[in-house]
Amino acid sequence: MTDHNPALENLLTETRSFPPSAEFAAQANSTPELYEQAKADRLEFWADQARRFLTWDKPFSEVLDFSDAPKARWFGDGTLNATYNAVDRHVEAGNGDRVAILFEGEPGDTREITYADLQREVSQAANAIEALGVTTGDRVAIYLPMIPEAVIAMLACARIGATHSVVFGGFSAEALYSRIIDADAKLVITADGGYRRGKPSSLKPAVDEALTKGTTTVTNVLVVRRTGQDVAWTDGRDIWWHEALEAASAEHTPVPVEAEHPLFILYTSGTTGKPKGILHTTGGYLTQAAYTTYYTFDLKPESDVYWCTADVGWVTGHSYVTYGPLINGATQVIYEGTPDTPHKGRWWEIVAKHKVTILYTAPTAIRTCMKWGEDVPAEFDLSTLRVLGSVGEPINPEAWMWYRRVIGGDRTPVVDTWWQTETGAIMISPLPGVTAAKPGSAQTALPGIEVEIWDDAGKAVGPGGGGYLVINEPWPSMLRGIWGDEERFKETYWSRFPGTYFAGDGAKFDDDGDVWLLGRVDDVMNVSGHRLSTTEIESALVSHEWVAEAAVVGAKDDTTGQAVVAFVILRGEALEAAEAEGGDKVVGALRAHVAGEIGPIAKPRSILVVAELPKTRSGKIMRRLLRDVAENREVGDVTTLADSTVMDSISAGMAGGGD
Ligand code: WT7
């Protein structure tokens, strides 16, 4: 165990418990029997879910083939289409008039999109991208703001069996370029820009820049007009989305694909500098996305108004905006902007306006709202809310309690859902209506999911024990690999404990056997629920001509969970310039450089210029000691340092306010 959050360790004595009300339990989708059914025959349980939540073109006869482990095949001989399941069959069932998307643009524009509208637009988009030569098996990069077209573009790809690779709109041109190259994307779908904090921000220029960084396989760029700002245009390559859709037929037959056909690639940070393209396939992924949406949020598609605040640039937006809710036929809110634009009550205004019943968001957002004060949400009618969810990082019990009391009116169940880009869908969570919830704990593996906590030697620990979280049986929405890098897939997830999936998280069982997640045990940071790699940011820093060496750590932050803190050694000339001009300029330039290389979310909160970095005799940077400094703790054991005095000067620099 290298990296446990000590602040969480002493919370395991939590005694508060919130059993479901009799009223909620009586109407709940979940029942205690669900666990028993799954236990009785796990594979048959999943086969039931796959049949219940999805419509198959060709039914499967085989549930799981794990003979080529760690590569799993779920429902392998079945065929289906994701978009048919998310859209068309609801229209066929007579629910075409049901609203699928209630869109709120940041500037105040709104759109209501029914399932019938969605079918039309997705069909037009599918025809339009087919007309550009995109076909089953091709990859399409999607780089859009959080507007309905993002969901429509994903569904249009899935409709023709093209694999989408959504790149978060906050990532830089460089990050977009590397993702386009890695996946050999044929098409990029983007927008002129989007609205962010009350202003239009641009996206198309980043695509233009990305496509000049080297030779790519991209033949066209489809551009959604969102802000109306001027954009540079490459004739023959660039095409307006609205023109292409207008020219396209609104009839399109979804292409059935095999259950293991690649549905999407989504890049996430790992422990090395290069992001990993996490591969998800169709049948198993959709089964678990739909199943978890239904049970963990107690979703009633006919009556609920569901809102997951995540951007489709992250996995939460894939599973709990695009696929999970739409497969269930739900009505959902999509909001483009930030919670404080134009005022700090914007989210709560949206909840009141649309009578939102289910809200799913991240602890960092909850903590930010706590900071703004309870009188902000108090101005709005939040009484329609009936289930609250949390995801992305451990939720501290204070934030959990605030969420339930202030947002949930002391009445709603709160589900703390643990999962990862790699797991594809929720894995550990209370079930509303069944579980007596404990503030701060994700508690129990969902029915059908098997997790354990293992010690260093790979031995399972019992109640009260701690160690590494492992998933010891394959699950339907598990990643099927890292795009183009089978070795890395095996090495990253299946080698720490040979043959067993290692999630990278530390965890502990309390005396009741409930799971508490304790944060990452590797060099991965979690900033505002977004995963960042220390190594990736270090590489970005040393790619700047001024920087000789860099070390990055995630330091505890009251709002964002962790914050990026960098320690850099400058090259001689840069150091002289820094001394002459003042360090601020250098630090500012380096922060901007990281934003340019990766994206603004990776910008270090602080950068400390140091003369040396703490290293072991074998040359490994001891990040643990740097974290002590960054978190203002007394520096721990330095006996393995090659030069034990290094830490004294670094600590002195930090005390002097090195930023
Ligand atoms: C990492 C995965 C899952 C979608 C968003 C993040 C941390 C996630 C929780 C939770 C404690 C959590 C883990 C995990 N994490 N949810 N409820 N409690 N930690 O996806 O970017 O793939 O990050 O986020 O450390 O490994 P991701």
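Tabulated results
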quantity: Residue that is modelled with pLDDT of 95 or more, open to solvent by 10 Å² or more (accessible area, probe 1.4 Å) and under 15 Å from ASP88 (Cα atoms), where the choices are GLU149, GLU112, GLU130, GLU121; calculated: GLU121
quantity: Hits in region 595-637 (condition: open to solvent by less than 40 Å² (accessible area, probe 1.4 Å), assigned to a loop (DSSP other than H, G, I, E, B) and touching a Lys or Arg at 6+ places or on another chain (Cβ under 8 Å)); calculated: PRO604, MET622, GLY636
quantity: Tally, over region 507-528, of residues that are over 16 Å from GLY270 (Cα atoms) and either surrounded by 22 or more Cβ atoms within 10 Å (Cβ to Cβ) or not small (Gly, Ala, Ser) (or both); calculated: 11
quantity: Residue check, GLY462 open to solvent by 30 Å² or more (accessible area, probe 1.4 Å), part of a loop (DSSP other than H, G, I, E, B) and either within 12 Å of the ligand (Cβ to nearest atom) or on the phi > 0 side of the Ramachandran plot (or both); calculated: no
quantity: Matching residues, region 391-443, being open to solvent by 10 Å² or more (accessible area, probe 1.4 Å), part of a loop (DSSP other than H, G, I, E, B), away from the ligand (no atom under 13 Å from the Cβ) and closer than 23 Å to GLY345 by Cα; calculated: GLY409, ASP410, ARG411, PRO413
quantity: Evaluation of LEU575 against (1) more than 20 Å from SER649 (Cα to Cα); (2) open to solvent by 30 Å² or more (accessible area, probe 1.4 Å) (one fails), failing number; calculated: (1)
quantity: Any hit, region 375-392, residues being of a type in the set (D, E, K, R), touching a Phe, Trp or Tyr at 6+ places or on another chain (Cβ under 8 Å) and farther than 22 Å from PRO145 by Cβ; calculated: yes
quantity: Pick from region 526-547, criterion part of a helix (DSSP H, G or I) and of a type in the set (D, E, K, R), ranking: nearest to TRP314 (Cα to Cα); calculated: GLU536
quantity: Within region 589-628, tally of residues that are hydroxyl-bearing (Ser, Thr, Tyr) and under 24 Å from GLY561 (Cβ atoms); calculated: 1
quantity: Single residue of region 479-499 satisfying the filter (part of a loop (DSSP other than H, G, I, E, B) and in contact with a helix residue (DSSP H, G or I) (Cβ under 7 Å, 6 or more places away or on another chain)) that is least open to solvent (accessible area, probe 1.4 Å); calculated: TRP483
quantity: Enumeration of residues in region 605-639 that are among the polar types (S, T, N, Q) and farther than 19 Å from GLU549 by Cβ; calculated: ASN632, THR639
quantity: Of all residues making up region 518-561, the number that are away from the ligand (no atom under 14 Å from the Cβ), within 20 Å of the chain's Cα centre (by Cα), over 21 Å from GLU422 (Cα atoms) and not charged (D, E, K, R); calculated: 2
quantity: Pick from region 241-278, criterion within 16 Å of the ligand (Cβ to nearest atom) and in contact with a Leu (Cβ under 6 Å, 6 or more places away or on another chain), ranking: nearest to ALA125 (Cα to Cα); calculated: ILE265
quantity: Breaking point among (1) within 15 Å of the ligand (Cβ to nearest atom); (2) farther than 23 Å from THR444 by Cα; (3) touching a residue at least 40 places away in the same chain (Cβ under 8 Å), for LYS508; calculated: (2)
quantity: Complete set of residues in region 63-99 that are of a type in the set (Ser, Thr, Tyr) and within 30 Å of LYS490 (Cα to Cα); calculated: SER67, THR79
quantity: Enumeration of residues in region 108-146 that are in contact (Cβ under 8 Å) with a residue 40 or more places away in the chain and farther than 20 Å from ALA82 by Cα; calculated: ALA131, LEU132, GLY133, TYR143, LEU144, PRO145, MET146
quantity: Residues of region 74-92 satisfying the condition of being over 15 Å from ARG51 (Cα atoms), surrounded by fewer than 22 Cβ atoms within 10 Å (Cβ to Cβ) and touching a residue at least 24 places away in the same chain (Cβ under 8 Å); calculated: VAL91
quantity: Residue satisfying all of: in region 342-371; away from the ligand (no atom under 16 Å from the Cβ), assigned to a helix (DSSP H, G or I) and charged (D, E, K, R); least open to solvent (accessible area, probe 1.4 Å) among these; calculated: ARG346
quantity: Top-ranked residue in region 578-592 [being at pLDDT 90 or above and open to solvent by less than 40 Å² (accessible area, probe 1.4 Å); ranked as nearest to the chain's Cα centre (by Cα)]; calculated: LEU590
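Conditions tested, residue by residue: (1) touching a strand residue (DSSP E or B) at 6+ places or on another chain (Cβ under 6 Å); (2) in a helix (DSSP H, G or I); (3) under 20 Å from ILE101 (Cα atoms).
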residue	(1), (2), (3)
PHE264	yes, no, no
THR272	no, no, no
VAL312	yes, no, yes
HIS318	no, yes, yes
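The values are calculated or read from the model by the stated rules, or taken from the named source; none is laboratory data. Remember, predicted model here, so these are calculated numbers, not experimental data. In this analysis, Cβ positions are derived from the backbone assuming ideal geometry, glycine residues included, and neighbour counts consider all displayed protein chains. Only protein heavy atoms, including side chains, enter the accessible area calculation; ligands, DNA and RNA are left aside. Shrake-Rupley method; radii C 1.70, N 1.55, O 1.52, S 1.80 Å.
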